[in-house]
Amino acid sequence: PPPVLSVRGLSVRFLVPDQGRIAAVTDAHFDVAPGECLALIGESGCGKSVLASALLGLLPANAQTAGSAHLGDLDLLAADERTLARTVRGRRIGLIPQSPAAHLTPVRTIRSQTEETVAALTGVRGRASLRAAAEKAAARAAFPADHLDRYPHELSGGLAQRAATALALIGDAPLLLADEPTTGLDRDLVDHTVDELRRHVDAAGDRALLIITHDLAAAERIADRVAVMYAGRIVELADADAFFGTPGPRHPYSRGLLNALPDRAFTPIPGMPPELGTLPEGCAFAPRCDRATATCATLPPLTDTVACHHPVQAQPLAPVPEDVRA
Ligand code: ATP
Ligand code: MG
């Protein structure tokens, strides 16, 4: 079957006075297949949310895009605002935004916003039916019924997150785009949320999920494949079992991410990500990489799913030390 989402050569540049061109996303290339959950991971500022905003046509006016992103026959990057607003957002792409509080309407209760979304996106009609459907939607996202009459400012971050998740699932959209959907949730609720997203994808044959997350445990729990982003580029695309298990990640940056985890070696990657306004010609990770050589001054293409001149060959991560595992 054709992919639900097919991204080809997607780049986003921001034109900023005095700073020039900020290369937030460069040449992203990936598909998300029906039934698949793809996790997009990478440090803060690497371009994950900008990529998501580009797919939804939600970039600010100073952004320039290149490439294509097909959702079925529709190129999201070429679509006009009217098409995106009327047929894409909510209906064909369900979005869980990174700052849910900012996307909820401040002057209306969660119940009223949920009922309105149910009315707009489903065939449910009538007061009692809308009320019941809204309560059901809230329950799916573990949003407590006794908080439905609250306003967004009366909610904790975790509750606003759950309200946003409830709203995003209502339209049964074929593509779910979840940008940090577990922020502010404790472990049990993280598990509940990712399991609910997984169930949503599995409930019909034509659905897929692109989940952006800092939470590698959540990524491991839900993802079929992993895309690792560094300084605006996808540097590795991997099967999740191989990535989190054996043979482990192949890009030195991906290995660094996993080795920084508390339940791993707990070794942070030295140095800082580069400024996106002044990226080097070659591999952007080379200055922080212990495998870098002179060759890395030229850009490594994404060959065989890893963009690295010196990828790690089939080598499991160092075993978790006994004292940490306990
Ligand atoms: P986080 O994990 O913290 O959410 P992220 O990977 O989602 O990070 P993005 O929000 O996608 O990061 O930002 C990528 C880069 O684009 C950042 O360097 C950011 O400063 C820059 N950026 C985002 N929006 C704009 C804008 N409107 N103008 C200029 N630069 C921008
Ligand atoms: Mg982000």
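Remarks
- Selection of the range 262-301 for residues being touching a strand residue (DSSP E or B) at 6+ places or on another chain (Cβ under 7 Å) and over 23 Å from H214 (Cβ atoms) yields only G277.
- Any hit, the range 179-192, residues being within 16 Å of ligand 1 (Cβ to nearest atom), outside any loop (DSSP other than H, G, I, E, B) and within 30 Å of V16 (Cα to Cα): yes
- Tallying residues that are more than 15 Å from the chain's Cα centre (by Cα) and within 16 Å of ligand 2 (Cβ to nearest atom) within the range 25-47 yields 0.
- Residue selected from the range 85-104 under the condition under 19 Å from the mean Cα position of the chain (by Cα) and over 17 Å from A141 (Cβ atoms), by the criterion nearest to ligand 2 (Cβ to nearest atom): A102
Quick grid of which residues meet (1) part of a helix (DSSP H, G or I); (2) within 15 Å of the chain's Cα centre (by Cα); (3) surrounded by fewer than 18 Cβ atoms within 10 Å (Cβ to Cβ):
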site	(1), (2), (3)
H214	no, yes, yes
V226	no, yes, no
V235	no, no, no
D241	yes, no, yes
P247	no, no, yes
D263	no, no, yes
F266	no, no, yes
G271	no, no, yes
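- Spans of helices (runs of 4 or more DSSP H) in the range 40-138 with at least 2 residues among the hydrophobic types (A, V, I, L, M, F, W, C) and crowded, with 16+ Cβ neighbours inside 10 Å: 48-56, 110-121
- Restricting A265, A260, A238 to residues that are hydrophobic (A, V, I, L, M, F, W, C), at pLDDT below 95 and away from ligand 1 (no atom under 16 Å from the Cβ) narrows the list to A265.
- Unmet requirement for R198, which otherwise passes all of (1) over 21 Å from the mean Cα position of the chain (by Cα); (2) basic (K, R); (3) part of a helix (DSSP H, G or I): (1)
- Scan of the range 13-34 for residues that are surrounded by fewer than 18 Cβ atoms within 10 Å (Cβ to Cβ), part of a strand (DSSP E or B) and either of a type in the set (A, V, I, L, M) or without any contact (Cβ under 8 Å) to a residue 60 or more places away in the chain (or both), ordered by number: L15, V16, D31
- Filtered residues of the range 273-304 (kept if more than 18 Å from V25 (Cβ to Cβ), surrounded by fewer than 17 Cβ atoms within 10 Å (Cβ to Cβ), touching a residue at least 24 places away in the same chain (Cβ under 8 Å) and not basic (K, R)): D290
- Count of the range 35-84 residues which are without any contact (Cβ under 8 Å) to a residue 40 or more places away in the chain, more than 26 Å from D206 (Cβ to Cβ) and of a type in the set (D, E): 0
The values are calculated or read from the model by the stated rules, or taken from the named source; none is laboratory data. Since the model is a prediction, treat every value here as computed from it, not as a measurement. Don't worry about glycine lacking a Cβ; one is built from the backbone with ideal geometry, like all the others, and counts go over all protein chains shown.
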